[in-house]
1. Comparing GLU35, GLU245, GLU175, which has the greatest mean-square fluctuation in the GNM of the chain with Cα pairs linked when under 10 Å apart?
2. Among DSSP bridges having both ends in the chain, what percentage is antiparallel? Round to the nearest 5.
3. Taking the alpha-carbon distance from LYS17 and a cut-off under 21 Å, which lysines remain once sequence neighbours fewer than 8 residues away in the same chain are dropped?
4. Once the piece of chain linking GLU238 and ARG103 is laid out straight, how much longer is it, given 0.36 nm per residue of separation minus the C-alpha distance between them?
5. Just one of (1) 29.1, 94; (2) 20.9, 74; (3) 18.9, 61 is Rg and Dmax of the Cα atoms in Å as worked out from the coordinates here. Which one is it?
6. Given the options ILE79, ILE296, ILE192, state which has the largest fluctuation in a GNM of the chain using a 10 Å cut-off (strictly under) for Cα springs.
7. What 222 nm value per residue comes from the helices of the chain, counting each DSSP H run with n ≥ 4 as -39,500 (n - 2.57) and dividing by all residues, nearest 500 deg cm²/dmol?
8. Going by alpha carbons, how many degrees (0 to 90, nearest 10) lie between the helix axis of 133-149 and the longest principal axis of the chain?
Amino acid sequence: MRHFLDFEKPIADLEGKIEELKHLSGTGEMNIADEVGKLQAKVERQLRTTYQKLTAWQKVQVARHPDRPHAADVIAHLIQDFQPLAGDRGFADDAAIVGGLGRFRGRSVVAIGTEKGATTEQRVRRNFGMARPEGYRKARRLMQMADRFGLPILTFVDTAGAYPGIDAEARGQAEAIARSIETCLAVRVPLIAVIIGEGGSGGAVALAAGNRVLMFEHAVYSVISPEGCASILWRSGEFAKDAAEALKITAQDLERLGVVDGIVPEPLGGAHRNPTVALDALGKAIDEALVELVKIDGGQLRADRRDKFLAMGAAED
């Protein structure tokens, strides 16, 4: 059953009518093909109208949609012969971060992603995509391996943020995130990061300090969640919508500000409506970026990456 967001209620009503008519048609009592066609055209118009004017808060809801492609889906679709690698060689394997070796369009790569899980059981096991220190240390180990063997790195980010629990802080969460960012900036191979859903705080930046940072059209990327921002500034989560607007978290805002380098288009109604089309578009965008980056010397890749992030937010005279 398709999951509809609050602002999609008119679309849900129309699609409900279509299902009712199809059921009647299946009984052989009437031929309603014309009526179904008219309703489907109306659904498409409604989707187009709705998704052309999404607010920042509505984009947050789309980015969190449970049917949206997750990192595991992206890797399964884009990476052939994927061989997952586990553990940080120090404490444990963090299921919130998946990573390993594979081939992207014939080229050997290391792929890493934050994975939320699709079912309740998976979400609990993967800690809802919120990594602990061992997750970032695993990611760092894989990036260093990629650097050692000259393999491009692809990262897929979808997390509300790093896990803020006491156990994570006790094992050095801040240090692990900082070291992961440091490694992103230090490697001498192409690093392409993609925000596929939520890009939350340092937990996202830890995997997203790349030569090219791409975002899905309806993804969000922010230093803090709208709810967290509202609770700090307004002392109430009721102001999350206002916070979402103020934070400039949409792909369109961030491309305009120079924080991300490109926007990957999503099918009408969001990536959750047609994941295959969305992931094919993502594959094309990654391929275009990678073809360009593999021609650049390792030292220059590293220098360009560092200069890019140091320039962000710099004041102009």
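Where a number appears in this text, it was derived from the coordinates with a stated rule and is not lab data. Note that the structure is a prediction, hence the values are computed from the model and not measured. Here the Cβ is made from the backbone with ideal geometry for all residues, glycine too, and neighbour counts use every protein chain on show.
1. Per the Cα network of the chain with a 10 Å cutoff, GLU35 tops the list.
2. 40 percent
3. Correct list for LYS17: LYS9, LYS38, LYS42.
4. Contour length minus the Cα-Cα distance gives 44.1 nm.
5. Only one listed value fits the structure, namely (2).
6. Of the options given, ILE296 has the highest mean-square fluctuation.
7. So the helix-based figure for the chain works out to -15500 deg cm²/dmol.
8. With both axes taken from Cα atoms, the answer is about 70 degrees.
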